[in-house]
Amino acid sequence: MEVGMGIGLRDGITKKIVYPGKGDIPGYNSETKISFHYRCSRLDEENTVLDDSRIGTGQPMELVTGKQFKLDVWEECLKTMRPKEVADFFVDQAHLSAYPAVMKTLRDVRKGGHDHVPQKSHCCGLAQMGKHGLGYEDLDQMVKTPEPLVFRFEALTVEDPGAYKQETWAMSDNERKNILPTLKEEGNNFYNQKDYQRAAEKYAEALGCLENLLLHEKPNSEDWMKLDEVRIPFLLNYAQCKYQLGEYYQAIEHATSVLDKEEDNIKALFRRGQAHRHCCNYQEAREDFLKVAKLDPKLGAAVRKELNAITEMEKERDAEEKEKLAGLFDKLRTS
């Protein structure tokens with residue numbers, strides 16, 4: 001197929017090569033891993049871009065064939081491509097019913113730094129989406145009014161089965177569930193050894209497993225809620241690791257993720273308060289610690305210690321500012 005020519009793959013899907021890539025089209029046996037970038041656009045006059053994997057983390061996506069990915073039209077398109085090929089795929093709305101739910105997950109996941117394509121759910125969850133919304137206005141609109149889209153894919157690498165190490169995101173559901181206790185134990189062991197970086201990696205890996213498992217359930221269903229609850233201790237442990245590593249803003253972010261689900265979670269409040277203190281967010285820190293004391297009076301001594309530390313840090317800050325102002329006035333008088 002020549003560059004620029006369009007060819008129909010099947011009803012409602014047309015491919016147009018932008019750059020032909022290198023070599024032959026791989027065989028794409030089951031469990032072939034494809035690393036790629038994507039851009040999703042509307043078919044309007046402005047070619048409005050909805051999603052682009054190069055924006056944000058800039059990390060490429062990875063897809064393993066034969067794993068029943070939720071947006072299966074992606075796999076179908078990618079399996080027509082050579083390594084390094086760039087192509088546009090014009091896709092009718094009839095093939096895009098899963099697009100809003102998948103892109104919500106990908107947007108949310110990319111904020112957390114995990115860049116893998118979700119697998120197919122046994123329930124589409126459209127009724128739940130219509131009731132609760134997806135949290136993104138454009139995606140909510142697409143649920144109500146589906147429309148055709150154009151996907152630009154850039155196939156970066158194609159790896160045959162056995163040529164790469166299987167990662168947790170590419171495992172089956174049972175494999176993911178079974179590995180969670182192991183990841184927790186390994187993370188705890190690393191934490192007890194004060195190897196906070198490796199502990200954080202284990203907790204993050206577990207969170208990645210849970211994110212994929214959540215995709216297989218209807219949002220806010222009983223099974224979904226149970227899985228979501230399992231995330232809480234991993235989020236808390238991950239936040240604590242980030243605190244110990246001095247990555248205080250990430251500690252605040254992940255503790256806040258817990259508090260968005262459980263606003264009275266004492267561990268999350270205490271850890272976020274400590275991180276706020278280190279970021280000089282004294283008012284926010286004080287609010288978190290006071291709430292901890294109200295929820296559990298037994299922690300009064302620990303809270304007083306933190307509040308005293310905040311007071312001392314505020315005094316030091318005020319003294320430094322006063323000294324700087326005095327120096328400024330001295331310069332003004334002598335100039």
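The values are calculated or read from the model by the stated rules, or taken from the named source; none is laboratory data. Computed from a prediction, not measured in an experiment: that's the story for all the values here. All Cβ positions, glycine included, derive from the backbone under ideal geometry; neighbour counts span all protein chains shown. Side chains are part of the model used for accessible areas, which takes the heavy atoms of the whole protein and leaves out ligands, DNA and RNA. Shrake-Rupley method; radii C 1.70, N 1.55, O 1.52, S 1.80 Å.
Looking only at the range 151-184, filter to residues that are polar (S, T, N, Q) and either surrounded by fewer than 13 Cβ atoms within 10 Å (Cβ to Cβ) or modelled with pLDDT of 95 or more (or both); which one of those is nearest to HIS37 (Cα to Cα)?
To start, the set of residues in the range 151-184 that are polar (S, T, N, Q) comprises 157, 166, 168, 172, 174, 178, 182.
This time we only want the ones that are either surrounded by fewer than 13 Cβ atoms within 10 Å (Cβ to Cβ) or modelled with pLDDT of 95 or more (or both), so: 172, 174, 178, 182.
Numbers: SER172: 24, ASN174: 29, ASN178: 31, THR182: 32 Å.
The selected residue is SER172.
Quick one: LEU215 ticks every box in (1) under 30 Å from CYS279 (Cβ atoms); (2) in contact with a Lys or Arg (Cβ under 7 Å, 6 or more places away or on another chain); (3) of a type outside the set (S, T, N, Q) bar one, so which box is it?
Unmet for LEU215, out of (1) under 30 Å from CYS279 (Cβ atoms); (2) in contact with a Lys or Arg (Cβ under 7 Å, 6 or more places away or on another chain); (3) of a type outside the set (S, T, N, Q): (1).
Do you know which residues across the range 187-246 are open to solvent by less than 40 Å² (accessible area, probe 1.4 Å), assigned to a loop (DSSP other than H, G, I, E, B) and over 21 Å from LYS104 (Cβ atoms)?
Selection gives GLY246 alone.
For the range 26-45, check the following and say yes or no: at least one residue is assigned to a loop (DSSP other than H, G, I, E, B), within 27 Å of GLY133 (Cβ to Cβ), open to solvent by 60 Å² or more (accessible area, probe 1.4 Å) and modelled with pLDDT of 90 or more.
Of the residues in the range 26-45, the ones assigned to a loop (DSSP other than H, G, I, E, B) are 26-32, 43-45.
Subsequent filtering for residues that are within 27 Å of GLY133 (Cβ to Cβ) retains 43-44.
Narrowing further to those that are open to solvent by 60 Å² or more (accessible area, probe 1.4 Å): 43.
Within this subset, residues satisfying the condition of being modelled with pLDDT of 90 or more are 43.
Yes, the range 26-45 contains a residue that is assigned to a loop (DSSP other than H, G, I, E, B), within 27 Å of GLY133 (Cβ to Cβ), open to solvent by 60 Å² or more (accessible area, probe 1.4 Å) and modelled with pLDDT of 90 or more.
Which residue is surrounded by the fewest Cβ atoms within 10 Å (Cβ to Cβ), if the candidates are limited to the range 135-150 and must be within 21 Å of the chain's Cα centre (by Cα) and either assigned to a loop (DSSP other than H, G, I, E, B) or at pLDDT 95 or above (or both)? Even if it seems obvious, please write down each step before you answer.
Residues of the range 135-150 that are within 21 Å of the chain's Cα centre (by Cα), as a first pass: 135-140.
Then keep just the ones that are either assigned to a loop (DSSP other than H, G, I, E, B) or at pLDDT 95 or above (or both); that gives 135-136.
Numbers: GLY135: 10, TYR136: 16.
Out of the qualifying residues, it is GLY135.
How about the range 8-25: which of its residues are of a type in the set (Lys, Arg) and open to solvent by less than 30 Å² (accessible area, probe 1.4 Å)?
Residues of the range 8-25 that are of a type in the set (Lys, Arg), as a first pass: 10, 15-16, 22.
Answer for the range 8-25, where residues must be of a type in the set (Lys, Arg) and open to solvent by less than 30 Å² (accessible area, probe 1.4 Å): just LYS15.
Of these, ILE252, ILE266, which one is surrounded by fewer than 18 Cβ atoms within 10 Å (Cβ to Cβ) and of a type in the set (A, V, I, L, M)? I'd like the intermediate steps shown before the answer.
Working: ILE252 fails: surrounded by fewer than 18 Cβ atoms within 10 Å (Cβ to Cβ).
The conditions single out ILE266.
Out of the range 275-290, which residues are without any contact (Cβ under 8 Å) to a residue 24 or more places away in the chain and within 16 Å of LEU259 (Cα to Cα)?
Selection gives GLU284, GLU287, ASP288, PHE289, LEU290.
Name the residue that is surrounded by the most Cβ atoms within 10 Å (Cβ to Cβ), counting only residues in the range 51-63 that are more than 11 Å from PHE36 (Cα to Cα) and either of a type in the set (Asp, Glu) or in contact with a strand residue (DSSP E or B) (Cβ under 7 Å, 6 or more places away or on another chain) (or both).
Here the answer is ASP51.
Looking only at the range 275-291, which residues are part of a helix (DSSP H, G or I) and surrounded by fewer than 22 Cβ atoms within 10 Å (Cβ to Cβ)? Walk me through it before giving the result.
Just the residues of the range 275-291 that are part of a helix (DSSP H, G or I), to begin with: 275-278, 282-291.
Correct list: ARG277, HIS278, TYR282, GLN283, GLU284, ARG286, GLU287, LEU290, LYS291.
Residue by residue through the range 56-71, note down the ones that are touching a Lys or Arg at 6+ places or on another chain (Cβ under 9 Å) and either part of a loop (DSSP other than H, G, I, E, B) or more than 23 Å from ASP24 (Cα to Cα) (or both). First the steps, then the outcome.
Taking the range 56-71 and keeping what is touching a Lys or Arg at 6+ places or on another chain (Cβ under 9 Å), we get 56-57, 59-60, 62-65, 67-71.
Correct list: GLY56, THR57, GLN59, PRO60, THR65, LYS67, GLN68, PHE69, LYS70, LEU71.
Taking GLU75 and the conditions (1) touching a residue at least 60 places away in the same chain (Cβ under 8 Å); (2) closer than 13 Å to PHE153 by Cα; (3) out of contact with any helix residue (DSSP H, G or I) (no Cβ under 8 Å at 6 or more places or on another chain), which numbered condition does it fall short on, given that it satisfies the others?
(1)
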